[in-house]
Amino acid sequence: MSFARAELPSEVLHTGGIYRSEVQTNAEGTSYISVLRFAPDNSVFLTHVAMPATHERLCEWFRPELAREYWSKGASYRLAGSRLTFQTASLSATTLFDGTIESEVLRLQLVVPTKQNLTYPLTFKFASCP
């Protein structure tokens, strides 16, 4: 079933797949992606994966029911129209997310409240999982 742009509900957040960021590079020169997964119970998970990473492997490994202690987890997300907000926490950091969802794309502002108060934009694109 397909929707014309005008018919697509603004509150569509998919739980049957992953949201992948563009490739990023850390200070050590390692390329990685950030991956979000939303669960039907309203929880959200975040992990970072070194590249190259296949979509099939990510779908197999990054499932809410297999939650690992090193994944960042959020108790719930809030979706109002196209506005999405949530927070994730891990052993090393808490990250605040605020942004919009449009046509299977999340445009989020991330804030990691540290001494440096890191803030940066990140775009995630949805990819379904079998």
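Here are the numbers for the structure shown:
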item	result
Only listed residue being closer than 19 Å to Ala127 by Cα and surrounded by 14 or more Cβ atoms within 10 Å (Cβ to Cβ), chosen from Arg57, Arg20	Arg20
Residue match in the range 29-45 (condition: at pLDDT 90 or above, among the polar types (S, T, N, Q) and under 19 Å from Val112 (Cα atoms))	yes
Number of positions in the range 44-73 that are of a type in the set (Phe, Trp, Tyr) and in contact (Cβ under 8 Å) with a residue 40 or more places away in the chain	2
Hits in the range 11-24 - residues which are assigned to a loop (DSSP other than H, G, I, E, B), modelled with pLDDT of 90 or more and of a type in the set (D, E, K, R)	Glu22
Number of the exception - Val44 against (1) touching a Gly at 6+ places or on another chain (Cβ under 6 Å); (2) over 17 Å from Gly74 (Cα atoms)	(2)
Test: residue in the range 97-104 that is more than 15 Å from Ser128 (Cβ to Cβ), aliphatic (A, V, I, L, M) and free of Cβ contacts under 8 Å to residues at least 40 places away in the same chain	no
Condition check for Thr100: buried (at least 18 other Cβ atoms within 10 Å of the Cβ), in a strand (DSSP E or B) and among the hydroxyl-bearing types (Ser, Thr, Tyr)	no
Residue match in the range 106-122 (condition: aliphatic (A, V, I, L, M), outside any strand (DSSP E or B) and either touching a residue at least 60 places away in the same chain (Cβ under 8 Å) or closer than 19 Å to Tyr32 by Cβ (or both))	no
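A quick yes/no check of all residues on (1) of a type in the set (D, E, K, R); (2) over 16 Å from the mean Cα position of the chain (by Cα); (3) on the phi < 0 side of the Ramachandran plot:
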site	(1), (2), (3)
Ser21	no, no, yes
Glu60	yes, yes, yes
Tyr70	no, no, yes
Arg78	yes, no, yes
Leu84	no, no, yes
Gln87	no, no, yes
Glu102	yes, no, yes
Val105	no, no, yes
Lys125	yes, no, yes
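The values are calculated or read from the model by the stated rules, or taken from the named source; none is laboratory data. Here the structure is a predicted model, which means the values were calculated and not measured. Please note: Cβ atoms are built from the backbone with ideal geometry, for glycine as well, and neighbour counts cover all protein chains shown.
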